[in-house]
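Shown next, in structure tokens, is the structure this report addresses.
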Amino acid sequence: MSALAATEAGSRGHFWRVFLIGGLISYRALFYWINPWQYVPTMLAAPLFQILFFVYLGRAAGVGSTAFFVVGNSIQICSMSGIYGMTMAISNERQFQTLSPILATPSNRLAVFLGRGLPVLITGFQTTCFGFLVSALILGFRPAPAELPMLLLTVLVTAGSCTGFGMALGSVGLRVRDVFLISNIAYFAVLLVCGVEVPLSQLPGAVRGLAQFLPLTHGIAAGRLLAAGRGGGAAVSDILLELLVGCCWAAFAYLLFRHFERSGRRTGAFDRL
Amino acid sequence: MAEPLRWPRVLAIGWFYQLKMQAQSGFMIMTALVQPLIFATIAMADQQAGTRSLPILYYALGAGIMGIWSTVVFGCGGVISWQRHQGMLEPLVMAPVPFVLVLMGITLGTATVGLYSMAATLVWAEVVFRAHVQMADPLLFSVSAVLTVVSLGLLGLVMGSSFVLYRNSNAISNMLEYPVWLVTGLLVPLSLLPGWTRPIAYALAPTWGVQALRATALGGQPLPDIGFCLVASVAYLGLGVWLVGKVEHRARRTATLNFQ
């Protein structure tokens, strides 16, 4: 093996090590809700009550079906991990004054950045699966069995796009003092804007337009088609759009992260709160 | 001045300072203003899209109390833990006034911030959803609103003193928003919920508060609901005083006042 090839292989190995191990360590260190005493009430119980609340609200108003609210809310709850988890995973480095040491290392920035997303994505996927499972048990939610693999793929893609969106919010947290305020507003705003609780057709045109650029909108639309047994073909375009939205948000987040890194180096203000 | 004569002043000053502090907290403004507006919009939009027609004002009032409950659950649930975190618990316990009065000022002040949400959802209903916001009995509506805030503040006192035994009290707060919104009938009529939820609803002040507000706004008999809200407040006060005394005594005896 030539020296150049060995260096390239070493560099690739380093990338994956930072991506996987670094991502896992940062998740364990920075994700507040990893402790079971936090995880169960926050990531399982609260989302379950959210599903129940909106299913009953729908029944009270006589709008939508149980499946409409179960699918919308079960998919939306993955954004709890995507939005809050990624905000914690990136901006808490600044809060805990550990951002400077990380940015002083020669590690690949893309590996540092994306590695944090993987555990968050898996957590979001788990939360949504839990939502579907409990809805099946207590609300009688029965998606078409043949569509389950595609439904799971939709959930995975949507959890990924929420993670990309959360990355952007987390990057904003490198500069803004109280980024959790923005994350809170974002988490609740998607309930309204992305067609989770209200059919998109009922929303004003401008809001519908905005929804096309946000995570969840296309994923939930695909999820509803699949749960209704309309076939994977009908949902493919929505799944691809969700993937595209997620990739765009992740790319934007990475650019934002590098921009704040450069400006932080210039002004010597990485950890300033 | 005799000691008990100072108590209203302690309560009033604690309430006022807490109100000033919370009114400047971005998180509280989000909780009391932005979040209820989002929920009010969802409920009103669903109402317009749906087949059952409850008045828009029904949802506006419910969403307003949802906001008060959120400020209480997040602002009061960790009240003792927060004072401890800030290093203020020992000076407050040592102060020559009953500790429960200090905590009560804090929880009532926090609940009062929730009035933002009531005002915001009513204005929202009028401006955006063209609802005709006119109260059937403005005087009793004001009485009901004040009583609802007081009862929720006192419920916050009970929560704050019981959550202190649980290290992850913020996780309980995260979990408690939706179930209380649901079982107390803030947006969903109690008649649609399973029967076993009824006793829980009756034990919680938001149930009586929202019923009193709806009766005074939309027309009805608010006095029984106002009465039950009053009874709930007295019960919470008694329970809160007892719990705070227990917690304070235990912390003094075991010298764990400042332990995280």
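The values are calculated or read from the model by the stated rules, or taken from the named source; none is laboratory data. Given the structure is predicted, the values throughout are model-derived calculations rather than measurements. For neighbour counting, all protein chains shown are included, and Cβ atoms are generated from backbone atoms with ideal geometry for every residue, glycine included.
Here are the numbers for this structure:
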item: Helices (runs of 4 or more DSSP H) enclosed by the stretch A:18-61 - at least 1 residues per element that are within 30 Å of B:L54 (Cα to Cα) and either modelled with pLDDT of 90 or more or more than 8 Å from every other protein chain (Cβ to nearest Cβ) (or both); result: A:46-61
item: The stretch B:176-192, residues that are facing chain A (nearest Cβ under 8 Å) and either surrounded by 20 or more Cβ atoms within 10 Å (Cβ to Cβ) or touching a Cys at 6+ places or on another chain (Cβ under 7 Å) (or both); result: B:E177, B:Y178, B:W181, B:L182, B:L187, B:V188
item: The stretch A:213-246: number of residues that are charged (D, E, K, R), over 13 Å from A:F165 (Cβ atoms) and touching a Gly at 6+ places or on another chain (Cβ under 8 Å); result: 2
item: Test set (1) closer than 20 Å to B:W69 by Cα; (2) free of Cβ contacts under 8 Å to residues at least 24 places away in the same chain; (3) more than 14 Å from chain A (Cβ to nearest Cβ) - B:V127 fails condition number; result: (1)
item: Residue within the stretch A:68-87 that is more than 14 Å from every other protein chain (Cβ to nearest Cβ) and farther than 25 Å from A:L169 by Cβ present; result: yes
item: Which numbered condition A:F31 misses (of (1) within 20 Å of A:C162 (Cβ to Cβ); (2) more than 15 Å from the chain's Cα centre (by Cα); (3) in contact (Cβ under 8 Å) with a residue 40 or more places away in the chain); result: (2)
item: B:T71 vs. criteria in contact with a helix residue (DSSP H, G or I) (Cβ under 7 Å, 6 or more places away or on another chain) and of a type in the set (S, T, Y); result: yes
item: Boolean, A:R224 is within 14 Å of another protein chain (Cβ to nearest Cβ), part of a helix (DSSP H, G or I) and more than 17 Å from the chain's Cα centre (by Cα); result: no
item: Unique match (being crowded, with 19+ Cβ neighbours inside 10 Å and not in a helix (DSSP H, G or I)) among B:G109, B:G67, B:G77, B:G105; result: B:G77
item: Residue identified as farther than 17 Å from B:G160 by Cβ, in contact with a helix residue (DSSP H, G or I) (Cβ under 9 Å, 6 or more places away or on another chain), free of Cβ contacts under 8 Å to residues at least 40 places away in the same chain and part of a helix (DSSP H, G or I) among B:A201, B:A217; result: B:A201
item: Test: residue in the stretch A:237-259 that is over 21 Å from the mean Cα position of the chain (by Cα) and among the hydroxyl-bearing types (S, T, Y); result: no
item: Among the candidates B:A203, B:A212, residue that is more than 13 Å from chain A (Cβ to nearest Cβ), within 17 Å of B:G227 (Cβ to Cβ) and surrounded by fewer than 22 Cβ atoms within 10 Å (Cβ to Cβ); result: B:A203
item: Output for the stretch B:11-59, where each listed residue is small (G, A, S) and touching a residue at least 60 places away in the same chain (Cβ under 8 Å); result: B:A12, B:G14, B:A23, B:A32, B:A40, B:A43
item: Subset of the stretch A:176-200 (residues that are assigned to a helix (DSSP H, G or I) and at pLDDT below 90); result: A:V179, A:F180, A:L181
item: Breaking point among (1) more than 16 Å from A:E261 (Cβ to Cβ); (2) away from chain B (no Cβ under 14 Å); (3) in a helix (DSSP H, G or I); (4) of a type in the set (A, V, I, L, M, F, W, C), for A:F141; result: (3)
item: Complete set of residues in the stretch B:58-99 that are over 22 Å from B:A171 (Cα atoms), at pLDDT below 90 and hydrophobic (A, V, I, L, M, F, W, C); result: B:M88, B:L92, B:V93, B:M94, B:A95, B:V97, B:F99
item: Qualifying positions in the stretch A:64-112 - under 22 Å from A:A29 (Cβ atoms) and among the β-branched types (V, I, T); result: A:I83, A:T87, A:I90, A:T98, A:I102, A:T105, A:V112
item: Residues of the stretch A:81-111 classified as buried (at least 24 other Cβ atoms within 10 Å of the Cβ) and among the hydrophobic types (A, V, I, L, M, F, W, C), total; result: 5
item: Residue, surrounded by the fewest Cβ atoms within 10 Å (Cβ to Cβ), within the stretch B:131-152, restricted to residues that are among the polar types (S, T, N, Q) and in a helix (DSSP H, G or I); result: B:S142
item: Qualifying positions in the stretch B:28-42 - more than 7 Å from every other protein chain (Cβ to nearest Cβ) and within 17 Å of B:L122 (Cβ to Cβ); result: B:A32, B:L33, B:P36, B:L37, B:F39, B:A40
item: Of all residues in the stretch B:43-58 being buried (at least 20 other Cβ atoms within 10 Å of the Cβ) and under 24 Å from B:V149 (Cα atoms), the one that is farthest from the other protein chains (Cβ to nearest Cβ); result: B:L57
item: Candidates A:F270, A:F252 - the one that is aromatic (F, W, Y) and modelled with pLDDT under 90; result: A:F270
